[in-house]
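These notes are about the structure you will find just below.
The values are calculated or read from the model by the stated rules, or taken from the named source; none is laboratory data. Just so it is clear, the model here is predicted, and its values are computed rather than measured. Cβ coordinates were reconstructed from backbone atoms using ideal geometry, including for glycine residues, and neighbour counts include every protein chain displayed. With ligands, DNA and RNA removed, areas are computed over all heavy atoms of the protein, side chains included. Shrake-Rupley method; radii C 1.70, N 1.55, O 1.52, S 1.80 Å.
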Amino acid sequence: MTKIQYYFFFLIGILITRHSLGQINSHIPEVEILLEKMTLEEKIGQLNLLTPGGGVVTGAVVSKNVEAKIKAGQVGGLFGVSGPDKVRMAQEMAVNHTRLKIPLLIGADVIHGYQTTYPIPLGMSCSWDMDLMEEAAKMAAKEATADGIMWNFSPMVDIARDPRWGRIAEGAGEDPFLGSAIARAMVKGYQGQDLTAPNTMLACVKHLALYGASEAGRDYHSVDMSKIKMFNQYLPPYKAAVDAGVASVMSSFNDIDGIPASGNKWLLTELLRKRWGFVGFAVSDYTSVNEMVAHGLGDLQAVSSLALKAGLDMDMVGEGFLTTLKQSVEEGKVTEADVTQACRRVLVAKYKAGLFDDPFRYLDPNRPKRDILTAENRALARKLATRSFVLLKNHDQILPLQKSAKIALIGPLADSRNNMLGTWAPTGNPDLAVTILEGFKHVAPGADIQYAKGANISNDKDFAKKVNVFGPRIQIDKRPANLLLTEAIETAKKADVVVVVVGEATEMSGEAASRTDISIPESQKKLIKTLVDTGQPVAVVLMSGRPLTIREEFDLPIALLQVWHPGVEAGNAVADVVFGDYNPSGKLTATWPRNVGQIPIYHSVKNTGRPAPDEKFQKFTSNYLDAPNTPLFPFGYGLSYTTFEYSNLKLDKQEIHQNESLEIQVEVENTGNYDGEEVVQLYLRDVVRSITPPKRELKGFKKVFVKKGERKMVHLTLEPDDLKFYNGNLEFLSEQGAFEVFVGTDSNADLRTTFTLK
């Protein structure tokens, strides 16, 4: 080897090492020159993220003296401020009144649309349409950046298998394969190909890590999990976002192996930066650094030092970094190099967003009118909503309705504008939402539609007070409950068909909205039963931010359409589906339990040494005395106004070798009377493994449109990584042996074949 070759390979080795440490692409000359000029105090200031408190806050703290702190160089970013004029004022303070003129990052929680709000993320995931989800994120980025925001605290990719946890509404459900695909699509949609473009924004994947596995489904609670379960079932969507180039990561509130995420060095450095090669910056969740004091890890100075040394770069709202890090450097608890590294990562993000070239690039005063809440955007929101709905039951094909029908539209959510947007829509305006009543009139102007409220969302005043923190979501009528019910009965008896719109108010799910009882509130349960007792055909439109326990309702002779919280175009979208302008195609991305005693329940469960029979009870097997093991609705479930049949499942070969892909084809026939879309789902079972395998794992899907009477051959591919898993040593590998392939309409797919990995 020549000296030139030696130094070439030596340099490559250094670059590989720096990549493994999360440092490659983070040493930008302009940033390094700036860092040389900065004092310790100025570096610490860049690690401080504040909110003036203008938007929705999720903690007890709102930042004070924000303007003075910006001018003192003590602020690296803001959230809760929007609009070109307001953002310009803040940005001018930073670039005109500080020594080094470093611009601010302006962030926001753009969770499911900016002002053009589309369905909650759990609902969106039920579309199983990655192109559509990318388009949705792109539209949200275009609107948010038009209002001066260039950093989005989204996507939330936490795997959630406990519907008592309110924040299940914000994610993609229970499955790591689907969740990873959605994470990639959302990051791509927000960030695009060029982060300096004025219509793209920095994404922030959250919450690293395991937040969706909080014990007892209680928000902010502890998490205890093996590494094998983490790597195989909970970490993949975060890694998918990192692999897609996500610009930032937000730490979670929970602990991991006894260390809160915001101060967990294994999580933020060993895993995120060294193992996954993340090169962006890490920000805490709202005051989560300070909350490590309550976790029992020391005072504010101690936990702030712990967080910085763990690899956290920015402190959201708590100001522990701002008020303690200088002292910690002086006392040798952290080094200035630690501060410099964190500051570097924040500055690099600003550089990549183009802020050093033009701090005002996102502040065109003409853009809000041109880009926000346009007819085109509202049309997309309407389309997104229709694709998110899941038809759970259709007794006697009650749906779709005739547009000339005489309809009794009943229920506390049928004309409730404040409950259309869904949880975590702080940038949306409920006053602009289309109610179900309005949507019915728009889509079916020839129908005779009579409305009655019928019941309150809940009659419990104390419960309503808890739900109404962000405004009136549960409004208890001044009229007696029996009078509301009587009015509903009289309205129903005069109609051809009854549509009753019931479920959760928007803030009955979401952050800090855990519930131990996830059934429909009693006031509404009584309404549904009473309307069915009239003998009229009843279609239930169900709104919620989570799977509900609806066994009693499911047993009634009804149609049942789950619409989640659909967003600003809610009423139009619901009417599109109810009247058959769009044939529902949504599939559940979270299993629906029969009762809360089954939780957690999910499709990729492992077998036991004493598996229970599918149907008949048998003593000394893994089952319940009072309920079957099976859920009410399995993962992937969803009906259509038409029917589909699967046949001719074939593999291109029966044996494959390591690093070989496998082509799969199946024939899907539309055997009903409507054109429709079907989500073809592929599940895999590793028959023998060195660690216990799940019964089935989702490993492929494709959404296809099939006309009535048509047959379509659908092609799916198993890639080499689809056969791999993390073993006891956390090595990602596949093992030789037999595999079973299942293809069908949900996770109970029974069309089956096998192949062997050699």
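Just one of the numbered conditions (1) within 33 Å of the chain's Cα centre (by Cα); (2) open to solvent by less than 20 Å² (accessible area, probe 1.4 Å) is not true of Val95; which one?
Evaluating Val95 over (1) within 33 Å of the chain's Cα centre (by Cα); (2) open to solvent by less than 20 Å² (accessible area, probe 1.4 Å) leaves (1) as the failure.
Please determine, by comparing only the residues of the stretch 442-476 that are charged (D, E, K, R) and open to solvent by less than 40 Å² (accessible area, probe 1.4 Å), which one is farthest from Gly510 (Cα to Cα).
Once the filter is applied, the top-ranked residue is Lys453.
Quick check, is Ala181 of a type outside the set (Lys, Arg), surrounded by fewer than 24 Cβ atoms within 10 Å (Cβ to Cβ) and under 24 Å from Thr591 (Cα atoms)?
yes
Any idea which residue in the stretch 495-518 is nearest to His565 (Cα to Cα), counting only those that are surrounded by fewer than 18 Cβ atoms within 10 Å (Cβ to Cβ) and in contact with a Lys or Arg (Cβ under 7 Å, 6 or more places away or on another chain)?
By that ranking, first place goes to Thr516.
So is Pro365 surrounded by fewer than 18 Cβ atoms within 10 Å (Cβ to Cβ), in contact (Cβ under 8 Å) with a residue 12 or more places away in the chain and farther than 30 Å from Val577 by Cα or not?
So Pro365 fits the description; yes.
Taking the criterion of being assigned to a loop (DSSP other than H, G, I, E, B), open to solvent by 10 Å² or more (accessible area, probe 1.4 Å) and either in contact with an Asp or Glu (Cβ under 8 Å, 6 or more places away or on another chain) or touching a residue at least 60 places away in the same chain (Cβ under 8 Å) (or both), would at least one residue in the stretch 337-358 satisfy it? Steps first, answer last, please.
Within the stretch 337-358, the subset assigned to a loop (DSSP other than H, G, I, E, B) is 353-358.
Still in the list and also open to solvent by 10 Å² or more (accessible area, probe 1.4 Å): 356-358.
With the extra rule that they be either in contact with an Asp or Glu (Cβ under 8 Å, 6 or more places away or on another chain) or touching a residue at least 60 places away in the same chain (Cβ under 8 Å) (or both), the set shrinks to 356-357.
So far as the stretch 337-358 goes, yes, one or more of its residues are assigned to a loop (DSSP other than H, G, I, E, B), open to solvent by 10 Å² or more (accessible area, probe 1.4 Å) and either in contact with an Asp or Glu (Cβ under 8 Å, 6 or more places away or on another chain) or touching a residue at least 60 places away in the same chain (Cβ under 8 Å) (or both).
Tell me, yes or no, whether the stretch 222-229 has at least one residue that is closer than 23 Å to Ala307 by Cα, in contact with a strand residue (DSSP E or B) (Cβ under 6 Å, 6 or more places away or on another chain) and of a type in the set (Val, Ile, Thr).
For the stretch 222-229, residues closer than 23 Å to Ala307 by Cα, in contact with a strand residue (DSSP E or B) (Cβ under 6 Å, 6 or more places away or on another chain) and of a type in the set (Val, Ile, Thr): absent.
Every residue in the stretch 169-196 that is assigned to a loop (DSSP other than H, G, I, E, B) and touching a residue at least 24 places away in the same chain (Cβ under 8 Å), please. So that I can check it myself, show each step before the final result.
Just the residues of the stretch 169-196 that are assigned to a loop (DSSP other than H, G, I, E, B), to begin with: 171-175, 192-196.
Of everything in the stretch 169-196, those that are assigned to a loop (DSSP other than H, G, I, E, B) and touching a residue at least 24 places away in the same chain (Cβ under 8 Å) turn out to be Gly171, Ala172, Gly173, Glu174, Asp175, Gly192, Leu195, Thr196.
Which pairs have Cβ atoms under 7 Å, sit 6 or more apart or on different chains, and link a residue in the stretch 231-256 that is farther than 19 Å from Tyr602 by Cβ to one that is open to solvent by less than 10 Å² (accessible area, probe 1.4 Å) and basic (Lys, Arg)?
Filtered contacts from the stretch 231-256: Met250/Lys206.
Of the residues in the stretch 478-519, how many are assigned to a loop (DSSP other than H, G, I, E, B) and touching a Leu at 6+ places or on another chain (Cβ under 6 Å)?
1
Given the condition out of contact with any strand residue (DSSP E or B) (no Cβ under 7 Å at 6 or more places or on another chain) and among the aromatic types (Phe, Trp, Tyr), answer yes or no: does some residue in the stretch 566-586 qualify?
Applying the first criterion (out of contact with any strand residue (DSSP E or B) (no Cβ under 7 Å at 6 or more places or on another chain)) to the stretch 566-586 yields 566-573, 575-576, 579-582.
Adding the requirement that they be among the aromatic types (Phe, Trp, Tyr) leaves 579, 582.
Within the stretch 566-586, one or more residues are out of contact with any strand residue (DSSP E or B) (no Cβ under 7 Å at 6 or more places or on another chain) and among the aromatic types (Phe, Trp, Tyr).
Just checking, does the stretch 528-539 include any residue being closer than 25 Å to Tyr118 by Cβ, touching a residue at least 24 places away in the same chain (Cβ under 8 Å) and surrounded by 24 or more Cβ atoms within 10 Å (Cβ to Cβ)?
Taking every residue of the stretch 528-539 in turn, none turns out to be closer than 25 Å to Tyr118 by Cβ, touching a residue at least 24 places away in the same chain (Cβ under 8 Å) and surrounded by 24 or more Cβ atoms within 10 Å (Cβ to Cβ).
Looking at Leu392, Leu384 in this structure, which one is under 21 Å from Val532 (Cβ atoms) and not in a loop (DSSP other than H, G, I, E, B)?
Matching residue, one of Leu392, Leu384: Leu392.
I'm checking my understanding of the structure. Among residues of the stretch 581-611 that are more than 25 Å from Leu548 (Cβ to Cβ) and not β-branched (Val, Ile, Thr), which one is most open to solvent (accessible area, probe 1.4 Å)?
Initially, the stretch 581-611 is screened for residues more than 25 Å from Leu548 (Cβ to Cβ), giving 581, 606-611.
Checking the rest, the ones that are also not β-branched (Val, Ile, Thr) come to 581, 606-607, 609-611.
Working: Asp581: 87, Lys606: 78, Asn607: 83, Gly609: 83, Arg610: 148, Pro611: 67 Å².
Looking at the filtered set, the residue picked out is Arg610.
Kindly provide the set of residues from the stretch 696-712 that are open to solvent by 50 Å² or more (accessible area, probe 1.4 Å) and free of Cβ contacts under 8 Å to residues at least 60 places away in the same chain, ordered by number.
Lys702, Phe705, Lys707, Gly709, Glu710, Arg711, Lys712
Tell me which residues, restricted to the stretch 412-441, are open to solvent by 30 Å² or more (accessible area, probe 1.4 Å), over 20 Å from Leu384 (Cβ atoms) and in contact with a helix residue (DSSP H, G or I) (Cβ under 8 Å, 6 or more places away or on another chain).
Asp415, Asn418, Asp431
Among the candidates Phe755, Phe739, single out the residue that is of a type in the set (Phe, Trp, Tyr), more than 28 Å from the chain's Cα centre (by Cα), surrounded by 15 or more Cβ atoms within 10 Å (Cβ to Cβ) and under 13 Å from Leu649 (Cα atoms).
After applying the criteria, what remains is Phe755.
Inspect the stretch 492-499 for any residue being on the phi > 0 side of the Ramachandran plot and under 33 Å from the mean Cα position of the chain (by Cα) and give the result as yes or no. Reasoning before the result, please.
Of the stretch 492-499, the ones on the phi > 0 side of the Ramachandran plot are none.
No: the stretch 492-499 contains no residue that is on the phi > 0 side of the Ramachandran plot and under 33 Å from the mean Cα position of the chain (by Cα).
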